[in-house]
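Worksheet: the structure to be examined is printed underneath.
The values are calculated or read from the model by the stated rules, or taken from the named source; none is laboratory data. Keep in mind the model is a prediction, meaning the values are calculated, not measured. All Cβ positions, even for glycine, are placed from backbone atoms using ideal geometry, and neighbour counts span all protein chains on display. Keep in mind that these areas ignore ligands, DNA and RNA; they rest on the heavy atoms of the full protein, side chains included. Shrake-Rupley method; radii C 1.70, N 1.55, O 1.52, S 1.80 Å.
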Amino acid sequence: MRRRLSGLTTSVAALGLLGSLVTACGSSGGEPTTLRLVAPEYGAGPATTSKVYWDKLTTAFTAAHPGMKVEVTLYPWADIDREVTRMVKENNAPDVALMGAYSDFAAQGRLYAASEVMSIRTEANFLRPLAEAGSVDGELYGLPFVASSRLLFYNEELFDEAGAKPPKTWSDLTDAAKALKKEGVLYPFALPLGPEEAHAEALIWELSNGGGYTDTSGGYSIASEQNAQTFRWIKANLVAPALTGPVPPAELNRQDAFDAFLRGDVGMVNGYPSLLHEARAKGMKVGTLRMPVSDTLDERETPPAAGVADWMMAFKHDGNRELVGSFLNFVYQDKNISEFAGRYHLLPSTVSATQASQYAAADPSAEQFLTALRTAELYPVNDPSWLQVSDTIKRNIGKAVAPSADPKAVLEHIAQQARDTAQQR
């Protein structure tokens with residue numbers, strides 16, 4: 001076990017949010033006094049920019065820790081993974097980064113384990129499925145920051161007009177989709193298997209049939225018979241009867257599906273908390289429930305929901321351990337992480353912040369997302385090959401439901417690419 005920081009007493013005095021990165025400064029004694037944080041922009045414009053959050057947090061941080069600085073650089077989500085990877089290759093990694101994957105850097109030995117930079121209480125406070133996904137060989141390297149779980153959304157007004165019932169099984173879902181189509185709903189079930197986030201939609205369906213991306217040993221099981229069965233069913237029962245709308249699933253991206261839902265053109269779609277917030281802000285009546293399960297599953301089986309998390313990681317630099325530890329233990333205080341989660345309608349990653357979350361108090365239905373997250377299955381982000389494998393899934397898995405496709409063959413092709421990627425690591 002690595003030695004844990006016992007006293008996080010390094011102080012911080014001035015904090016700037018800058019658009020460019022500079023090398024961490026050292027004090028006259030050689031200890032770094034500037035922490036560099038690279039993070040993605042979660043906002044959609046000036047009114048919702050993440051800069052507002054980091055300004056407020058760092059002002060409070062510097063007031064409590066005089067003597068140090070933190071410089072924050074924001075990148076678009078589309079660029080953050082590539083930019084951090086570039087910095088690492090140039091031997092100019094930040095002290096702390098927030099992004100969608102971490103295990104590649106952990107495999108290179110570039111990251112501190114949580115036990116080296118966090119108090120015992122802070123490390124132990126992460127929700128269990130998130131901590132498991134953030135761990136490699138029993139050590140936590142990916143620090144979950146905010147998360148989301150996925151539930152099935154349905155437009156209650158469209159359901160009422162169609163006389164449809166909220167589905168519990170796949171056959172129920174098909175019945176509801178047929179009733180919605182009969183009433184002229186453009187997308188009875190929106191199936192976004194386009195390259196934006198096809199790996200999320202696919203995992204939701206795979207889990208609902210007892211499958212997933214990995215087997216019990218942790219190896220990839222992309223082309224398992226359960227997964228093949230899942231995509232055969234989707235193709236035969238939703239795509240072939242034209243219940244998924246005018247855009248082929250392989251070309252329908254998540255945001256386009258969400259936009260159509262908010263326009264009232266979608267009967268059902270898998271979504272996360274921010275979509276619920278947007279829909280209700282527009283006055284829509286939206287129901288949420290766990291993803292319907294395959295009719296072949298035992299009625300006593302309750303598959304996990306799909307979960308997604310964004311990860312903080314601490315890069316090793318000479319003398320920066322206590323500075324990094326001070327910052328991380330501050331960031332993960334309930335009030336700070338809850339404020340960020342609430343700002344973007346996501347879920348906090350810790351047990352205590354989840355229990356105190358505004359979601360449960362302000363919107364009882366949103367408690368479902370929190371409940372689902374506590375037992376959710378996440379992507380295999382602790383496999384260093386996942387970043388590349390997920391990209392392969394995004395670009396190809398929609399082909400499995402194309403009219404002329406053999407779902408099993410498509411999955412086998414993806415699985416072979418995954419094996420090739422893993423062997424190259």
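Annotations
- Accessible-area composition of the stretch 161-284, carbon plus sulfur, in percent [1.4 Å probe]: 49
- Where only C-alpha atoms are counted, convex hull volume of the stretch 159-213 per residue in Å³: 77
- Kirkwood Rh in Å, taken over the chain so that all alpha-carbon pairs contribute: 22.5
- Calculated over the stretch 87-202: convex hull of Cα atoms, volume per residue (Å³): 165
- ARG321 accessible area, 1.4 Å probe, all protein chains in place, Å² to nearest 10: 40
- Distance in nm between pseudo-label sites at ARG110 and ARG280 (7 Å out along the Cβ direction from Cα): 4.1
- In terms of distances greater than 25 angstrom between alpha carbons, the cross-link table entries LYS178/LYS399; LYS56/LYS282; LYS285/LYS399 yield LYS56/LYS282; LYS285/LYS399.
- In the chain, the calculated helix contribution to ellipticity at 222 nm averages -11500 deg cm²/dmol per residue, counting -39,500 (n - 2.57) for every DSSP H run with n ≥ 4.
- Residues of the stretch 269-343: accessible area per residue with a 1.4 Å probe, Å²: 40
- Within the accessible area of the stretch 29-151 (1.4 Å probe), percent carbon and sulfur: 53
- Compactness of the stretch 254-377, taken as the C-alpha radius of gyration over 2.2 N^0.38 Å, stands at 1.30.
- Our coupling estimate for the stretch 246-257, obtained by passing each phi through the Karplus curve with A = 6.51, B = -1.76, C = 1.60 and θ = phi - 60°, is x, 9, x, x, 5, 10, 8, 8, 4, 5, 5, 5 Hz, Gly and Pro reported as x.
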